[in-house]
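Notes to accompany the following structure.
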Amino acid sequence: MVSFRPSGASGEISGERHNASHSQVVQTVRAKNRKRESFRFNPNTVSVEDLQRLGFSEKQALSIDNYRQKGGRFRRKEDFAKSYVVEDSVYRRLEPFIDIPKLDINKADSAEFDALPGIGPYFAAKMVSYREQLGGYSTPEQLLEIYNFGEERYEKLKDLIECSDPPRPLRLWTLPEDSLRLHPHIRYRSTAHGIVLYRDNNPRESWTLEGLLNAGVIDSLYYSRLKRCRISDL
């Protein structure tokens, strides 16, 4: 005769519950015994599986992923250390392997600029439009030329950006007057006209920014700004 145990609330034995409990124990043991790896990773894009390979539990890895899914971003290495699931000892081990690429300001769109600290939609749009006027940024410092951008705003993000792609060269010595005046460091018709007159009345070996400055065609402010630009050879 086969007897069955009553299935009341207090005496219920569930095979599924037992297996689930057993599975949790197995997962915990496996997590503790899992070999921790160290390899280069970007905390903004690394997969949940690779986070576990780096030594995080599944719960911790999912917590990091949930932060990213909600729009969170690690801009600097120390931002990753501030996550409550990243213990100090873990961060010290992984810190040499954290690789967060800088934002290329010659490739970024307005949304990527907007995500930088201290930048909103207004300056994001200005950064894109000024890049178009310049033909591309030659150095990150050219952001300071944007009206009201300011040193304080630049200091907050200068370590997060770079210029990897060279800009289009400014054909200062060959462009016609109407084209020259479209450049933000020339701008005025009188300046563009002065450059053309200087070219017409001086030998090629004198065609330099210093020559334009000494001749009074450009002032010291625009001289310093043009020095940052990539100017084409003759």
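The values are calculated or read from the model by the stated rules, or taken from the named source; none is laboratory data. Fair warning: this is a prediction, and the values are worked out from it, not measured in the lab. All Cβ positions, glycine included, derive from the backbone under ideal geometry; neighbour counts span all protein chains shown.
Descriptive notes on the structure:
- For the condition closer than 16 Å to C229 by Cβ, surrounded by 14 or more Cβ atoms within 10 Å (Cβ to Cβ), charged (D, E, K, R) and not assigned by TED's automatic domain parsing to the domain that holds G136, R181 qualifies.
- Considering segment 46-82, the residues that are surrounded by 15 or more Cβ atoms within 10 Å (Cβ to Cβ) and closer than 24 Å to K158 by Cβ include one that is nearest to the chain's Cα centre (by Cα), namely R75.
- Within segment 191-213, tally of residues that are surrounded by 12 or more Cβ atoms within 10 Å (Cβ to Cβ) and in a helix (DSSP H, G or I): 14
- Output for segment 80-108, where each listed residue is assigned to a helix (DSSP H, G or I), out of contact with any Lys or Arg (no Cβ under 8 Å at 6 or more places or on another chain) and not basic (K, R): F80, A81, D88, S89, V90, Y91, L94, P96
Okay, residues lined up against (1) without any contact (Cβ under 8 Å) to a residue 12 or more places away in the chain; (2) closer than 23 Å to N106 by Cα; (3) in contact with a Gly (Cβ under 7 Å, 6 or more places away or on another chain):
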| position | (1), (2), (3) |
| --- | --- |
| L134 | no, yes, no |
| T139 | no, yes, no |
| I146 | no, yes, no |
| F149 | no, yes, no |
| L180 | no, yes, no |
| H185 | no, yes, no |
| A192 | no, no, no |
| N201 | yes, no, no |
